[in-house]
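Below you'll find the structure, written out as structure tokens, and then a few comments.
The values are calculated or read from the model by the stated rules, or taken from the named source; none is laboratory data. Remember, it's a predicted structure, so these values are computed and weren't measured experimentally. Virtual Cβ from ideal backbone geometry, glycine too; neighbours counted across all protein chains shown. To get the accessible areas, we keep the full protein, side chains included, count just its heavy atoms, and leave off ligands, DNA and RNA. Shrake-Rupley method; radii C 1.70, N 1.55, O 1.52, S 1.80 Å.
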Amino acid sequence: MNKKVYVGGLAYSVTDEQLRDLFAAHGTVESAKVVKDRYTDAARGFGFVEMASQQEAEKAIQALNGTVFQGRTLTVNLS
């Protein structure tokens, strides 16, 4: 069961906490991480969210894929 979700198209200002809050409305979030450049510590515009179950991951994907968050359109799918 894959319950890890890829989130692309994030605004560069999005934090781990904001990403967690966005997905928490669709189920239990086990972890949320915005990927950052290892040298500059700047966000790279994508991240990963691990949901508690496969069903919650699929629900979040259906609800959030193609939506606008902080001015950018999200791409959300199973990683």
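The strands (runs of 3 or more DSSP E) found wholly in segment 1-64 and carrying at least 2 residues that are open to solvent by 70 Å² or more (accessible area, probe 1.4 Å) and of a type outside the set (S, T, Y) occupy 29-36.
Taking the condition open to solvent by less than 30 Å² (accessible area, probe 1.4 Å) and in contact (Cβ under 8 Å) with a residue 24 or more places away in the chain, does L74 pass?
Working: open to solvent by less than 30 Å² (accessible area, probe 1.4 Å): yes; in contact (Cβ under 8 Å) with a residue 24 or more places away in the chain: yes.
Criteria met by L74.
Given A42, A11, A57, which one is without any contact (Cβ under 8 Å) to a residue 40 or more places away in the chain and either touching a His at 6+ places or on another chain (Cβ under 7 Å) or among the aliphatic types (A, V, I, L, M) (or both)? After ruling out the rest, the residue left standing is A42.
Scanning segment 37-55 for residues that are farther than 16 Å from T15 by Cα and either of a type in the set (S, T, Y) or within 13 Å of the chain's Cα centre (by Cα) (or both) turns up Y39, M51, S53.
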